[in-house]
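Report on the following structure.
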Amino acid sequence: MKKMINQVGESMKTARRWRNASKAAMAVSALSFLASCAKDAPQDTWQPAGPNAEMIDNLQRPVFYVAGIVGVIVFAAVAWSVVRYRDRGQEIPEQTHGKPALEIVLTVIPVLILLGVAIPTAGTIFKLAKTSDTEMTINVTGQQWWWEYDYPAAGPNVEEYGITEPIVTSGQLVIPEDTKVLLRVTSRDVIHSYWIPKLNGKKDSVPGRVHLLRMEGSEPGIYAGQCTEFCGLSHAYMRMEAVVLSRADYDKWVANQLEEYTAPEAGTEAAIGEALYIQQCSRCHQVNGIANPDGSLIISAPDQYLVSGAAPNLTNLMTRNTFAGASWDLLTPECRDNVWNASSADFGERYLAGVSADCLNQKDLREWLRNAPAKKPMYADPTKLTTTGGLYRGMPALGLTEDQINSIIAYLLERK
């Protein structure tokens, strides 16, 4: 009798454990389902916005469906086996050889499934690797912890898109709609990885090598991405955005980027900011066309001050929506929503309007100018590292006063 009572007790405990496990599994499944149903996720691979991402989506969906079906069958079989053959104190059954026919079937089916995945996967990889059909070229360079975009004045860039002088920007890649763009991806320091989920897959950014990636957007808008290869202290702050413009709006963007530099009016706050910029910032950051009081052009020399040898080009900074490696928005939340949520027809006009004084995200920009390493850890102080040769790794704290910050912001607001 005591043995029977113990067995009943153990059965009840087992049943409770199964019920708890089932509830937990259902909760996890529900959360996963709700997460997968989220709309307007900025880095959602299930919402492709270009032909390359659509190829990836067409491949991943059947693979996930098949994997889901197989997963359900496997979990059901395991659950049934655990319940049906759980230990009840019985004798270990006699061990016999398995059934060859069943073993063969259970070997052949996975092989067929893997072949069904491998063949279309290989085909998709070859299609995505094709670059002979690209129509323009942009050099993409990663470094700790931001992305630089260089639009060379060569070939189709000049003949078809009017890029008669090199355009160098950071944070936001700007490309024309329905255009196959060849990205030449490399790195200045460690391995990074470039990924705009809604437009294409990942491509590693490796020092000393150039990897090719075809990028194309089917609809005007902004598409978010981030570095997906751990690259150091501020890896999580190394983000990027791809901006897709209609061809007419793209031509306007190019023309604006190539406009000659206009100095602020003498005696204004912006003019004071220009002088401060020349004194404090121009050693590392380039602004095309800016000149000394004697009229000589100022060419930055970041290789003399920075480990990487480069700093973001700030020419036309306020035509971009982000700063500091796209880690923070230049726009306030309200103005950002006005751009990001614009219809395809309105997006170009809103994006090309740039950042106005009313829409500027003063809080984050001021914090950055006040003490950049505190906002984005960068090992900026060369006195604390013996391996940098006295060079900075990232932007240091410049010790600016609040009045100086006011003046520099006034100057930067005219850079659009």
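The values are calculated or read from the model by the stated rules, or taken from the named source; none is laboratory data. All figures in this text were calculated on a predicted structure; none of them were measured in a lab. No Cβ is skipped: glycine too gets one built from the backbone with ideal geometry, and neighbour counts run over all protein chains shown.
Of all residues in segment 196-228, those satisfying the criterion of being touching a residue at least 24 places away in the same chain (Cβ under 8 Å), of a type in the set (D, E, K, R) and over 22 Å from Trp328 (Cβ atoms) are Lys202, Asp204, Arg214, Glu216, Glu219.
Condition test on Val174, is it of a type outside the set (Ser, Thr, Tyr), in contact with a Lys or Arg (Cβ under 8 Å, 6 or more places away or on another chain) and touching a residue at least 40 places away in the same chain (Cβ under 8 Å)? No, not satisfied. Mind checking which residues of segment 161-214 are among the β-branched types (Val, Ile, Thr) and over 16 Å from Gln143 (Cβ atoms)? Matches in segment 161-214: Ile163, Thr164, Ile167, Val174, Ile175, Thr179, Val181, Ile196. Scanning segment 379-413 for residues that are in a loop (DSSP other than H, G, I, E, B) and charged (D, E, K, R), we see that the one that is modelled with the lowest pLDDT is Asp381.
Restricting segment 407-416 to residues that are within 31 Å of the chain's Cα centre (by Cα) and either of a type outside the set (A, V, I, L, M) or surrounded by fewer than 16 Cβ atoms within 10 Å (Cβ to Cβ) (or both), the residue that is nearest to Ala353 (Cα to Cα) is Lys416.
Taking Arg283 as the residue in question, decide whether it is out of contact with any Leu (no Cβ under 7 Å at 6 or more places or on another chain), surrounded by fewer than 19 Cβ atoms within 10 Å (Cβ to Cβ) and among the basic types (Lys, Arg). Yes: the conditions hold for Arg283. Within segment 44-61, one or more residues are in contact with a Pro (Cβ under 8 Å, 6 or more places away or on another chain) and part of a loop (DSSP other than H, G, I, E, B). All conditions in (1) touching a residue at least 60 places away in the same chain (Cβ under 8 Å); (2) at positive phi hold for Ala310, with the sole exception of (2). Can you confirm whether Thr179 is touching a Leu at 6+ places or on another chain (Cβ under 6 Å), closer than 18 Å to Arg214 by Cα and of a type in the set (Ser, Thr, Tyr)? The answer is no for Thr179.
Among the residues making up segment 283-323, those that are more than 28 Å from the chain's Cα centre (by Cα), in a loop (DSSP other than H, G, I, E, B) and of a type in the set (S, T, N, Q) are Asn292, Ser296.
Here is a yes/no grid of residues against (1) out of contact with any strand residue (DSSP E or B) (no Cβ under 8 Å at 6 or more places or on another chain); (2) closer than 30 Å to Leu182 by Cβ:
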{"site": "Val83", "(1), (2)": "yes, no"}
{"site": "Asp87", "(1), (2)": "yes, no"}
{"site": "Glu91", "(1), (2)": "yes, no"}
{"site": "Gln95", "(1), (2)": "yes, no"}
{"site": "Thr107", "(1), (2)": "yes, no"}
{"site": "Leu112", "(1), (2)": "yes, no"}
{"site": "Gly123", "(1), (2)": "yes, yes"}
{"site": "Thr134", "(1), (2)": "no, yes"}
{"site": "Thr137", "(1), (2)": "no, yes"}
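Consider segment 332-377 and keep the residues that are touching a helix residue (DSSP H, G or I) at 6+ places or on another chain (Cβ under 7 Å) and outside any helix (DSSP H, G or I). The one that is nearest to Ser308 (Cα to Cα) is Lys376.
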